[in-house]
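S.K.: Sharing a structure below in structure tokens format, with a few things to ask.
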């Protein structure tokens, strides 16, 4: 039986060391933990991150605390695997990120002066290029969901001044893209004249809407996910009410379902 380090509520270093002790013990003694690789953990880590973001959107702090612990455990797990393979150590990981943060905050750790957040972001991007990045956009992961990627692309290029300053101009671009999207349709039946062109114009419209959201301080990913949650809540209410009244959704008219939908809307 492995010795379990005692819990300590006093200092972060002691608590972090306890996590290391527990995970390193499991890595040696638990059949499941011993078998894991970076590749086998990857999809589990993604799942944990999504669970964390769900809790954040719900403002569920007990759940956020739990999910943060799960994510931290995964990060330590990756570092431990790398140590076993003599690639790098957890200490090197922690020191590297500290060095990066100090280097990219010369207005805190150096003699650079900044007046606002935008100047901080601009300096950050300039320093990344000095460090060897070949493009401002090289830091945008290829595997990001398209909506998040669009937001990050726009935010990155703003750091080097490639952006509108006037929100009215950004909204004009939205209206321009909407008009171009509409031209790809037969107005009578709303059928795309050229599906490929319509899809391209729709992409441009979404990109411009994301850009406008960014300019007015709205995170489009959070906004869309809140709408998803709201829709799920309301549709689930329809299903529950239909079941209570011995109705099948397939047999109900849209007008009948709308009655329950409007009831659900009044709940929140």
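The values are calculated or read from the model by the stated rules, or taken from the named source; none is laboratory data. In this text the structure is predicted, and so the values were computed from the model without any measurement. For neighbour counting, all protein chains shown are included, and Cβ atoms are generated from backbone atoms with ideal geometry for every residue, glycine included.
S.K.: Which residue out of 68, 147 is within 20 Å of the chain's Cα centre (by Cα), in the same structural domain as residue 26 (by TED's automatic domain parsing) and either closer than 30 Å to residue 37 by Cβ or touching a residue at least 12 places away in the same chain (Cβ under 8 Å) (or both)? Explain how you work it out, then say what you get.
M.R.: Values: 147 fails: in the same structural domain as residue 26 (by TED's automatic domain parsing).
Within the list 68, 147, the selection yields 68.
S.K.: For the stretch 200-210, indicate whether the set of residues that are over 21 Å from residue 54 (Cβ atoms), more than 19 Å from the chain's Cα centre (by Cα) and loosely packed, with under 15 Cβ neighbours inside 10 Å is non-empty.
M.R.: yes
S.K.: Scan the stretch 184-199 for residues that are surrounded by 14 or more Cβ atoms within 10 Å (Cβ to Cβ) and assigned to a loop (DSSP other than H, G, I, E, B) and report the count.
M.R.: Filtering the stretch 184-199 for residues surrounded by 14 or more Cβ atoms within 10 Å (Cβ to Cβ) gives 184-185, 192, 197-198.
Add one more test, that the residue is assigned to a loop (DSSP other than H, G, I, E, B), and what stays is 184.
Total satisfying the criteria: 1.
S.K.: OK, next. Please state which one of 56, 64 is at pLDDT 95 or above and touching a helix residue (DSSP H, G or I) at 6+ places or on another chain (Cβ under 8 Å). Reasoning before the result, please.
M.R.: Values: 56 fails: at pLDDT 95 or above.
Among 56, 64, only 64 is at pLDDT 95 or above and touching a helix residue (DSSP H, G or I) at 6+ places or on another chain (Cβ under 8 Å).
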